[in-house]
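What follows is a short report on a single structure.
The values are calculated or read from the model by the stated rules, or taken from the named source; none is laboratory data. This one's a predicted model, so the numbers in the text were calculated from it and none came from an experiment. Glycine also receives a Cβ, built like all others from the backbone with ideal geometry; neighbour counts cover every protein chain displayed.
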Amino acid sequence: MPDTRPRRTFAVISHPDAGKSTLTEALALHARVITEAGAVHGKGDRRATVSDWMAMEKARGISITSAALQFVYRDHVINLVDTPGHSDFSEDTYRVLSAVDSAVMLVDAGKGLEPQTLKLFKVCALRGIPVMTVINKWDRPGLSALELMDLIQQKIGLRPTPLTWPVGEAGDFRGVLDRRTGEFVKYTRTAGGATRAPERRLGPTEVEEADADLWAAAVEEHELLELDEADHDQDRFLAGETTPVMFASALQNFGVAQLLDLLLDIAPDPSPTEGVDGSVRKVEDDFSAFVFKVQSGMNNAHRDRLAYARVVSGEFERGMVVTHASTGRPFATKFAQSVFGRDTQAVETAEPGDIIGFVNAQALRVGDTVYVGDPIEYPPVPSFAPEHFVTASAGDIGRYKQFRRGIEQLDQEGVVQVLRSDLRGDQNPVLAAVGPMQFEVVEDRMANEFNSPIRFSRLDYQVARRTDAAGAAALAGMRGVEVLQRSDGTHLALFVDQWRAMVTARDNPDLVLEALPAGGS
Ligand SMILES: Nc1nc2c(ncn2[C@@H]2O[C@H](COP(=O)(O)OP(=O)(O)OP(=O)(O)O)[C@@H](O)[C@H]2O)c(=O)[nH]1
Ligand SMILES: [Mg+2]
């Protein structure tokens, strides 16, 4: 029986620390409370957020890898991906954006539009991903609401269309004016840190004396917005001209239920997707999916490698035999799972929009397509220009086998890019990263997961350009440049600096020396 419930598939994105993982957890908890009738969670529930499961993430309180969660809310199946905000891990965030239908952008009310946020808004615009904006941390002092709207309009060029408007300035969060109904959604803080903040909906005449002045101010601003035609328009939102805005405090669970309702009401359904050859797969066509992430080390007890795929079209049934587009080989989907942070569960069927994990499917790489019926291949997931390079060697030469296996696995996951050359040999691969924190992840995971401590030695390169075999031959022996081959076959010419790259390109106009998409900030 196909599961015909509608799907909502979106990513939570922003500059580091705006509250993505906190919001993700709040959304999931809220949905669970509602779906598991009568279930109430106690205080002890708020450990590390469900999406931050790696030891390093827990220790530092940041997300270093994206995490997918699936849950049911109001008879919709929600596929949510929490992404890392740090620009060192932006490759991962961008991979996720290739797999979702919309994005929830968090803005820290105290900090306004931070660099990574601006960059992500641009990426969404380029890719045609509609963005809903959540002004978070309204429980803390920050900018004024109108100021924030101006920033969005001026710096991003998107028209903000607030669906709620705060009652009380940042730091004095009384609740919001629901601009669609005109009601006051009043928040009540609960003692003892209960995880759900109760809301009361009051009509305009029911607003209590203590809130009256702030309410009047909110109403006034709401009317200003109306005059300014800053109201939600579904077509303009889907066309990427406007961004609906909500005000929240993820930490206190304020605004979380409203965001879930909003997602159901306005976030787009899965839609037809174009393959590299221009052919289009409609959601109701035969099954197809593409892999946007590979991850292992989720569970120390059994070392599963999970290939996360987004279902693009058709119904998936566990056990079905699909074609692996890049090799043309059949692939039996015996082990497929749905994911909730680090918890996984066998999945029997999945629909377009769903994110499923194929267990220990060694053949599947990031960017791969699988399908049944007519062949289809989805565009590759872009990789970024690395700007940091090290050579790696096994810290314990007796564990070289584990070292090799670890490097191969981390390469497949895209934790770093792995480069090799005949000159350097296989013992000391070159690791290339968009940001240096990627090396710390490698170090940590090599020691803990693969039991093979790793040593780095810094290389003096800063710039990578794509070249080809002819370029590799011509550049060999030139000063200030070295050509290595990435594991996907791409030849990369590494230069000590931009200047050297420029001069080499100028003096050798016949050589392929192509800049790669920039990733870091
Ligand atoms: N006061 C307040 N603090 C919040 C709120 N939301 C999140 N925080 C805090 O902000 C910090 C960062 O929250 P995270 O959810 O880890 O932020 P993130 O966006 O996932 O960060 P990265 O994944 O590292 O990019 C934590 O200390 C949270 O407790 C909020 O609404 N109000
Ligand atoms: Mg996070």
Discussion item. Return the residues of region 361-406 that are crowded, with 23+ Cβ neighbours inside 10 Å, at pLDDT below 95 and among the β-branched types (Val, Ile, Thr); say none if nothing qualifies.
Written reply: none
Item to complete: State all residues of region 404-437 that are of a type in the set (A, V, I, L, M) and under 28 Å from the mean Cα position of the chain (by Cα); if no residue qualifies, say none.
Response: Ile407, Leu410, Val415, Val416, Val418, Leu419, Val430, Leu431, Ala432, Ala433, Val434, Met437
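For Phe316, are the conditions met, namely being of a type in the set (Phe, Trp, Tyr) and surrounded by fewer than 24 Cβ atoms within 10 Å (Cβ to Cβ)?
Answer is no for this residue.
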Practice prompt. Select from region 461-487 the residues that are assigned to a loop (DSSP other than H, G, I, E, B) and free of Cβ contacts under 8 Å to residues at least 60 places away in the same chain and write down the one among them that is nearest to Asp88 (Cα to Cα).
Written response: Gly480
Item to complete: Keeping to region 95-143, report how many residues are in a loop (DSSP other than H, G, I, E, B) and over 13 Å from the mean Cα position of the chain (by Cα).
Response: 14
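Residue-wise test of (1) touching a Leu at 6+ places or on another chain (Cβ under 7 Å); (2) under 24 Å from Val81 (Cβ atoms).
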{"residue": "Ala109", "(1), (2)": "yes, yes"}
{"residue": "Gly112", "(1), (2)": "yes, no"}
{"residue": "Ala125", "(1), (2)": "no, yes"}
{"residue": "Thr133", "(1), (2)": "no, yes"}
{"residue": "Ala145", "(1), (2)": "no, no"}
{"residue": "Leu148", "(1), (2)": "no, no"}
{"residue": "Ile152", "(1), (2)": "yes, yes"}
{"residue": "Leu158", "(1), (2)": "no, yes"}
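Look through Asp269, Asp285 and report the one residue that is in a loop (DSSP other than H, G, I, E, B), under 21 Å from the mean Cα position of the chain (by Cα), closer than 23 Å to Thr349 by Cα and more than 16 Å from ligand 2 (Cβ to nearest atom).
Asp269
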Worksheet item: Within region 238-270, which residues are away from ligand 1 (no atom under 16 Å from the Cβ) and on the phi > 0 side of the Ramachandran plot?
Response: Gly240
Item to complete: State all residues of region 54-91 that are outside any helix (DSSP H, G or I), within 11 Å of ligand 1 (Cβ to nearest atom) and not small (Gly, Ala, Ser); if no residue qualifies, say none.
Response: Ile62, Ile64, Thr65, Asp82, Thr83, Pro84, His86
